[in-house]
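Working notes for the structure below.
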Amino acid sequence: MNKLLAGLLLIGATLGGTTAPDGTEIQIDLPKSQHLQNMGGSDGKGLCVFTSISHSARWSRVELLENFRDYMTKYPGGGYPDKVTQYIKKIAQEKGQPVPNYVQIQGKQETLDTLKLALKNNLCPSVTYGFSPTGRYRGQRIAHMVTLLHLDDKNACILDNNYPGTYEWLTVDEFYRTFTAMGGSGWAVILLDAGPPPLPWN
């Protein structure tokens, strides 16, 4: 095992199903049929930000953004807060629909309380993710965004759009470290117009 991987593998992280190792049930049980694979934009760069927002939109029934990933394949990849604002406005204008309510937050430890509150209110945040505590990506640092399916005082669970259909369970400390790994501050996009969640998928 290389030194970088050994340094990033954190005790507690595991790949599993919709139940945490301690038996906690996941808060956002997005059916696997709605999990999307990350794709590339017109320049080949990834669309992880817009794929994650698509996951959130599918959970909250924000129809305008349910296929945001696909819409963005005709534009250059990569994502950052101003670009998210720009293209949400653009797709809304093109489709003749109002811009949905959403917030973007950037911060450190205090941001966790906002994310916990969002999940308690049945919202599905998209969050930054700087490395995999379970050792994916060979333990390397990455610039990535994923979907946060669970966050309480003990556990976090993410859906990585490079690995749809899987669940990565972390301790809260592990989640905080990967959330803020790129530049020391995390970034999250939270859609606020929550409709009924998708029907359970057996």
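No lab work stands behind these numbers, since they all come straight from the coordinates. Source: prediction; values computed, not measured. With ideal geometry, Cβ positions are generated from the backbone for all residues, glycine too; neighbour counts draw on all protein chains shown.
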So the number of lysine pairs in the stretch 36-191 with alpha-carbon atoms under 17 angstrom apart, 8 or more residues apart or on different chains, is 9
CD proxy, 222 nm, the chain: helix-only mean residue ellipticity via -39,500 (n - 2.57) per DSSP H run with n ≥ 4, per residue, nearest 500, stands at -8500 deg cm²/dmol
Within the under-15-Å Cβ sphere about TYR163, not counting TYR163, Lys/Arg +1 and Asp/Glu -1 give a net charge of +1
Length gained, LEU117-GLU63, 0.36 nm per residue minus C-alpha separation, equals 17.1 nm
Per GNM of the chain with C-alpha springs under 10 angstrom, the most fluctuating residue out of VAL127, VAL172, VAL146 is VAL172
For GLU25 and GLN37, extending 7 Å from Cα along the Cα-Cβ vector and measuring point to point gives, in nm, a value of 3.2
Of 60-70, 101-111, ordering from highest average Cβ density within 10 Å down gives 60-70, 101-111
The stretch 36-191: relative contact order from alpha carbon pairs under 8 Å, six or more residues apart, as a whole percent, is 26
Rounded to one decimal in Å, the inverse mean reciprocal Cα-Cα distance for the chain, i.e. its Kirkwood radius, is 16.9
Length gained if THR73 through GLN97 is fully extended, taking 0.36 nm per residue and subtracting the Cα-Cα distance, is 6.6 nm
Highest mean packing first, using Cβ neighbours within 10 angstrom, the peptides 176-188, 149-161 sort as 149-161, 176-188
